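Here the structure comes first, spelled out in structure tokens, and everything after it is commentary.
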Amino acid sequence: MFRGVFGEFVTATVRVHRSLRHEALSRVVNPSSLFVRSFSDVKDEGGGAAPPPFDTGLLHFLVCPLSKKPLRYEAKTNELINEELGIAYPITDGIPNMIPQDARLIQKDAPATQE
């Protein structure tokens, strides 16, 4: 199956290549006509820019790598919380860091004692 597709691709490419003249192609595509964006083109907005928001739609797919249980998003701290284990995974620039060594332990609320 792939041999036929590859053969058709090569044949079509050769036909196009033969129909074009190299001089015309070199005039159309030259280094000055190409726009290349580098990291130096990107301006840092400083400390005032808000980090990109976390896409809560990812919560349907993300699970804790340790317990394989669903996670809860805490917008106040910008973390994904595993209630069962009591750990929080940080979210940096809208990307959850699911490395267990980078997670922090959170205090579970102590059960209220009745007197």
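The values are calculated or read from the model by the stated rules, or taken from the named source; none is laboratory data. Every value quoted in this text rests on a predicted model; they were computed, and no experiment measured them. These area figures cover heavy atoms from the full protein model, side chains too; ligands, DNA and RNA do not enter into them. Shrake-Rupley method; radii C 1.70, N 1.55, O 1.52, S 1.80 Å.
Data table
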item	result
List Leu66, Leu71, Leu105, ordered by accessible area with a 1.4 Å probe, largest first	Leu105, Leu66, Leu71
Candidate residues Ile106, Ile81, Ile95: accessible-area rank, largest first, probe 1.4 Å	Ile95, Ile106, Ile81
J(HN,Hα) series, segment 79-85, from Karplus relation 6.51 cos²θ - 1.76 cosθ + 1.60, nearest Hz, glycine and proline x	9, 9, 9, 9, 5, 5, 8
Leu85 long-range amide H proximity, modeled H, under 5 Å	none
Using θ = phi - 60° and Karplus 6.51 cos²θ - 1.76 cosθ + 1.60, couplings along segment 57-64 (whole Hz; Gly, Pro as x)	x, 5, 5, 6, 10, 7, 9, 5
